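So the structure is just underneath, and the comments pick up after that.
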Amino acid sequence: MLSGKIPKCVGNLQSLTTMILSSNRLSGVIPSSIAALHSALFWLTLSDNKFIGELPRELGNLQGLQLLDLGDNKFSGNIPKWIGEKLTFLVVLRLHKNNFTGRIPRSLCKASNLQILDLAYNNLTRTIPRCVGKLNGMIESRSMLEKTFDIDYDKNVIQGMKGVDLEYTITWGMVYNMDLSSNKLFGEIPVELTALNMLVGLNLSNNHPSGRIPDSIGNMVKLETLDFSKNELSGKIPSGMAALNFLSHLNLSHNNLSGQIPTGNQLQTLIDPSIYAGNKHLCGPPLPNTCSNHKDPTITTRSKKKHKATDEWMKVWLFYGDIMSGFATGFLGVIGVLLFKKQWRQNVLRFAEKTMDKINVAVVPRVAKIKRGREMLNSLL
């Protein structure tokens with residue numbers, strides 16, 4: 001039930017290694033004096049309070065920091081670039097449920113020891129940076145926390161593993177999770193993301209990513225939780241998803257996915273139809289609609305485009321055909337009349353002769369005048 005601000009004198013606690021002030025009523029900004037703890041502090045948790053403002057640049061001086069949890073506050077502004085550039089030993093970064101805006105900084109990819117990244121419930125925009133494939137902490141087998149401290153952090157909340165808040169009694173160092181849900185991210189899911197083969201949980205739900213699910217999703221063999229719901233994904237569900245043998249929670253609902261749902265291995269055990277709800281062009285178990293009676297919208301679209309192109313060509317040919325036939329009909333009609341009407345034929349010939357006489361009267365004197373002018377010019381030269 002602590003309230004008020006963090007006192008500036010906190011910087012005097014220079015031997016402090018762990019600061020956990022979560023679930024209080026603390027408010028205001030983080031004091032810059034906290035930077036004085038740079039030599040010892042490796043664990044900083046200020047979650048579930050009422051802190052505001054941008055993150056002070058002085059936090060970047062805590063270069064030994066391995067866990068930074070600022071979730072469930074009212075921090076704002078962009079996620080600072082210095083987090084990835086200076087806090088290179090970070091294993092856990094949790095900025096869940098704040099008011100951060102802008103893009104996910106590429107500098108986060110320099111925090112190569114990260115294995116828990118939670119940026120959910122903010123207002124982040126743009127695309128997921130492709131450099132996420134360089135987060136080696138989500139590829140290596142043991143985390144820095146596990147190797148160095150082997151700390152058991154009881155009853156901590158990991159957000160977004162299954163779309164809800166879950167409490168675990170675990171060793172933090174054994175968890176590999178990425179939660180970018182409930183933002184405003186768009187663009188395709190980068191294929192580089194699937195290189196993070198130690199991830200246990202991946203949540204990109206409630207954003208705006210489009211395009212296909214990467215075919216290499218099957219490389220993420222440790223996934224237990226995968227949530228791509230409420231996005232704008234399209235195309236078929238990759239068959240490689242059947243290779244995710246540890247998958248126990250899957251949500252692909254409310255997208256634009258199509259085709260037959262892959263079968264085999266762990267997917268056979270996921271029989272809840274709500275997993276695929278809101279994808280009207282999906283077919284096959286566990287959905288009631290069979291693929292034999294289901295048309296692939298991509299094929300239908302291609303067929304429509306083909307027929308449309310054919311129709312357009314037919315319209316062009318019919319247009320020019322009408323013009324040519326009309327011209328031919330008119331021409332033959334005139335010729336036919338002249339052949340059978342002697343008086344008309346004579347009138348046409350007399351009209352042609354008069355016209356030629358007028359042309360000669362108008363043109364011949366002018367041509368002669370031009371010739372005389374040239375001859376005079378040549379004589380002068």
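Taken as a whole, the structure leaves Lys236 outside the set of residues that are among the basic types (Lys, Arg), at pLDDT 95 or above and closer than 17 Å to Ser181 by Cβ. Candidates are the residues of segment 224-242 that are assigned to a helix (DSSP H, G or I) and farther than 14 Å from Thr269 by Cβ; the one that is least open to solvent (accessible area, probe 1.4 Å) is Gly240. Scanning segment 11-63 for residues that are assigned to a helix (DSSP H, G or I) and in contact with a Ser or Thr (Cβ under 6 Å, 6 or more places away or on another chain), which turns out nearest to Leu90 (Cα to Cα)? The selected residue is Glu58. For Ser112, are the conditions met, namely being open to solvent by 20 Å² or more (accessible area, probe 1.4 Å), among the small types (Gly, Ala, Ser) and either part of a loop (DSSP other than H, G, I, E, B) or modelled with pLDDT under 95 (or both)? Here the answer is yes, as Ser112 does meet what is asked. The residue pairs whose first member lies in segment 88-107 and is closer than 13 Å to Leu55 by Cβ, whose second member is acidic (Asp, Glu) and assigned to a loop (DSSP other than H, G, I, E, B), and whose beta carbons are closer than 8 Å, counting only pairs six or more residues apart or on different chains, are Asn98/Asp72.
Here Gly71 meets the list (1) open to solvent by 10 Å² or more (accessible area, probe 1.4 Å); (2) modelled with pLDDT of 95 or more; (3) not in a strand (DSSP E or B) almost entirely, failing just condition (1). Evaluated against (1) surrounded by fewer than 23 Cβ atoms within 10 Å (Cβ to Cβ); (2) hydrophobic (A, V, I, L, M, F, W, C); (3) modelled with pLDDT of 95 or more, Leu95 falls short on exactly one condition, (1).
Among the residues that make up segment 59-76, is at least one of them in contact (Cβ under 8 Å) with a residue 40 or more places away in the chain and under 21 Å from the mean Cα position of the chain (by Cα)? Scanning segment 59-76 turns up no residue that is in contact (Cβ under 8 Å) with a residue 40 or more places away in the chain and under 21 Å from the mean Cα position of the chain (by Cα). Restricting segment 74-92 to residues that are among the basic types (Lys, Arg) and out of contact with any Ser or Thr (no Cβ under 8 Å at 6 or more places or on another chain), which is modelled with the highest pLDDT? Per the criteria, the residue is Lys74.
Against the conditions (1) open to solvent by 10 Å² or more (accessible area, probe 1.4 Å); (2) at pLDDT below 95, Leu59 satisfies every one except (1).
The values are calculated or read from the model by the stated rules, or taken from the named source; none is laboratory data. Since we're looking at a predicted model, the values are computed, not measured. All Cβ positions, glycine included, derive from the backbone under ideal geometry; neighbour counts span all protein chains shown. Accessible surface areas use protein heavy atoms only, side chains included; no ligands, DNA or RNA. Shrake-Rupley method; radii C 1.70, N 1.55, O 1.52, S 1.80 Å.
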